[in-house]
Amino acid sequence: MNAPVTTAMNGTPELSIGDREFAALAKLVHGESGIVLADAKKGLVVSRLARRLRDLGLRSFGEYCHLLQAEDGADERSKLISALTTNVTKFYREDHHFRSLEEQIFPALIARARGGDRIRIWSAGCSTGEEPYSIAMELLELCSDAAKLDIRILATDIDPQVLAVASTGQYTETASAGIPESRRARYTSLRNGRYEMSSALRELITFAPLNLVGQWPIRGPFDVIFCRNVVIYFDAATQERLWQRFAGLIPVGGHLFIGHSERLGRSAERFFTTTGITQYRRTHGSPDPTTGAS
């Protein structure tokens, strides 16, 4: 049996988590979000949750597990997922994806929109919003009147706290460092030491909570889906289901962007053709949009 992982709580006795409590937390987190917590994550779990236990006046992880599993524990389960979710993002992360949008994908989509078509883009796992705002900037570079057309960006995340940040559209100088200077000048304004996204960007984007492993209250189709550096936290079976569900919402000719360390599973590969680094075009098959089954 592994020794309990402990951490001090600001001068109070050390807080420890044993194997039983960790297993209970890992099972709950997986069921709620699909995230896998390996034993090696014990230290991370303790460090991230110690403040939460202190704020709740709890003395042990056993008490915390009891609270989470109670009938009225839904709010705390949401806070648990927020505490354990890794939200590492930046503007124009993996910038080759945005060059592909500008040079290969958006011109054709804009032409379709000008002809009356509905165009939809989904940023799944958008975190604090840098990704959808980057997408919107590239769209406006080519189509300044995009808001007058039927083009919209859906940005979702499981964590309501990061969505609240995204919805403000305000970022520190450090957080906004990845924005190219020409885009920064056109689409942001400096207010009280923070860069604020323009109304032209904001009116293109809808932020909404969504759990990728739960029911999706959306039907698509989506011409472009970004889901980058999200599924790496899921087990292989969950990853396979997600890739197939995405395929079911992307029409033939649509595009999927994933993270630099992610790869499509075999069951989803048959629906796509590689068009760039971690970039795919939907070309084959007809998966069910709910189950992914062909």
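222 nm [θ] for the chain, helices only, -39500 (n - 2.57) per DSSP H run of 4+, per residue, to 500?
-11500 deg cm²/dmol
To the nearest 0.05, how large is the calculated FRET efficiency for SER261 and ALA236 if R₀ is 22 Å and r is the Cβ-Cβ distance?
0.95
At 7 Å along the Cα-to-beta-carbon direction for both THR206 and ALA74, put a label point, then send me their distance in nm to one decimal.
It is 2.2 nm.
List the longest stretch of the chain that has no exposed loop site; here a site is one of the GluC sites (Glu not before Pro) assigned by DSSP to anything other than H, G, I, E or B, with at most 10 other Cβ within 10 Å.
174-294
Just grab the label-to-label distance for ASP95 and THR172, each label 7 Å out from Cα along the Cβ direction, in nm (one decimal).
2.2
Under a Cβ-only charge scheme (Lys and Arg +1, Asp and Glu -1), can you give me the dipole magnitude of the stretch 5-84 about the Cα centre, in debye to the nearest 20?
Value, rounded to 20: 280 debye.
Got a sec? How would VAL45, VAL252 order by Cβ neighbour count within 10 Å, fewest to most? Walk me through the numbers on the way to the answer.
Working: VAL45 22, VAL252 12.
Neighbour counts put them in this order, fewest first: VAL252, VAL45.
Mind listing which trypsin sites (Lys or Arg not before Pro) in the stretch 106-199 are in a DSSP loop and have 14 or fewer other Cβ atoms within 10 Å?
Here the sparse-neighbourhood loop sites are ARG118.
Once you put a point 7 Å from the Cα of GLN161 and another 7 Å from the Cα of ALA23, both along the Cβ direction, what distance in nm separates them?
2.9
Which residue, HIS30, THR89, LEU49, has the largest displacement toward the positive end of the dipole of the chain when charges sit on each Cβ (Lys, Arg +1; Asp, Glu -1)?
It is THR89.
Dipole magnitude of the chain about its Cα centre, charges +1 at Lys/Arg Cβ and -1 at Asp/Glu Cβ only, in debye to the nearest 20?
The calculation lands at about 300 debye.
Is the shape of the stretch 137-290 best called rounded, prolate or oblate, per the rule: a/c under 1.5 gives rounded, else a/b larger than b/c gives prolate, else oblate, with a ≥ b ≥ c the square roots of the Cα gyration tensor eigenvalues? Write out the running numbers ahead of the final one.
Working: a/c = 1.95, a/b = 1.69, b/c = 1.16.
Here the stretch 137-290 falls in the prolate category.
How many angstrom lie between the Cα centre of the stretch 80-139 and the Cα centre of the stretch 182-221?
So the separation of the two Cα centres works out to 9 Å.
Regarding the chain, what are the three Cα extents along the principal axes, ordered largest first, in Å?
Sorted largest first, the three principal extents are 64, 52, 32 Å.
Read the figures in this text as sums done on the coordinates, not as results from a lab. Quantities reported herein were computed from a predicted structural model and do not represent experimental measurements. Cβ sites come from the backbone with ideal geometry, for glycine too, and all protein chains shown count toward neighbours.
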